[in-house]
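Okay, structure first, notes after.
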Amino acid sequence: MYRFDTRKLLGLIVVFAVLCSGFWAAFKIEASYSSLESVKIMPLGDSITRGVPPSDFPVGYRQQLYANLMNNGFNVDFVGNLSEGSADAHFDTDHEGHGGINASQLNLKLHDLLSLNPPDVILYHIGTNSLYSPGEEVQAANDANDSLRIIFEFDPTITVILAKIISTNDPVRNPTMHNHNQLRAERAQNWA
């Protein structure tokens with residue numbers, strides 16, 4: 001097990017943020033990273049992570065992120081039990097993006113997923129599937145906070161990059177998503 005150079009990890013966060021618009025928190029960042037070691041990254045979440053084949057968004061953000069990381073000298077290994085996308089596209093297709101899932105459902109199997117493919121870094125984007133009506137944002141934020149508890153109980157050295165929920169074209173849902181993002185940010189501070 002190793003720790004990350006904050007500057008290199010900051011570069012990873014910036015690339016991920018640019019690709020996925022609006023990410024907050026990287027937790028448990030500490031010293032010394034060797035560029036010879038591969039960083040195990042678990043893309044974790046819902047269909048935004050998985051992608052929506054055969055749409056214009058077939059592999060989510062994963063292919064572009066992988067290419068940007070590799071082209072900028074990062075030695076990364078995406079990990080997860082799922083594999084979608086073409087290896088011919090020259091990217092690591094492993095992930096834990098589960099279309100249609102919410103954090104509560106994911107939490108039921110999260111420890112097992114981590115045990116099968118222990119990551120160094122988790123890119124966590126989930127919540128869209130829980131936010132259809134006003135009032136659902138509180139439970140969804142609590143469920144996402146439970147995910148962080150499960151992750152850090154499994155391994156407190158994992159770095160988690162927690163994403164805000166991406167806005168939709170639905171003006172009715174967007175206020176709920178905005179409130180959810182604020183609640184998640186507040187709860188996430190307990191883990192920083």
Suppose we filter the range 151-185 for residues that are among the acidic types (Asp, Glu) and either within 18 Å of the chain's Cα centre (by Cα) or surrounded by 18 or more Cβ atoms within 10 Å (Cβ to Cβ) (or both); how many remain? 2
Sort out which residues of the range 77-123 are closer than 18 Å to residue 62 by Cβ, polar (S, T, N, Q) and either without any contact (Cβ under 8 Å) to a residue 24 or more places away in the chain or assigned to a strand (DSSP E or B) (or both), and write them in order of number. 83, 86
The residue from 188, 141 that alone is open to solvent by less than 70 Å² (accessible area, probe 1.4 Å), out of contact with any strand residue (DSSP E or B) (no Cβ under 6 Å at 6 or more places or on another chain) and either assigned to a helix (DSSP H, G or I) or more than 20 Å from residue 121 (Cβ to Cβ) (or both) is 141
All but one of (1) assigned to a loop (DSSP other than H, G, I, E, B); (2) at pLDDT 55 or above hold for residue 30, so report the exception by its number. (2)
Considering (1) more than 20 Å from residue 150 (Cβ to Cβ); (2) open to solvent by less than 30 Å² (accessible area, probe 1.4 Å); (3) out of contact with any Phe, Trp or Tyr (no Cβ under 8 Å at 6 or more places or on another chain); (4) modelled with pLDDT of 90 or more, say which one residue 80 fails and leave the rest. (1)
In a helix (DSSP H, G or I) and either closer than 16 Å to residue 106 by Cα or among the polar types (S, T, N, Q) (or both) - does that describe any residue in the range 155-163? no
Restricting the range 124-138 to residues that are of a type in the set (Gly, Ala, Ser) and not in a helix (DSSP H, G or I), which is nearest to the chain's Cα centre (by Cα)? 127
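The values are calculated or read from the model by the stated rules, or taken from the named source; none is laboratory data. Note that the structure is a prediction, hence the values are computed from the model and not measured. Positions of Cβ are generated from backbone atoms using ideal geometry, with glycine treated the same way; all protein chains shown enter the neighbour counts. Ligands, DNA and RNA are stripped out before the accessible areas are found, and what is left, the full protein with its side chains, is counted by its heavy atoms. Shrake-Rupley method; radii C 1.70, N 1.55, O 1.52, S 1.80 Å.
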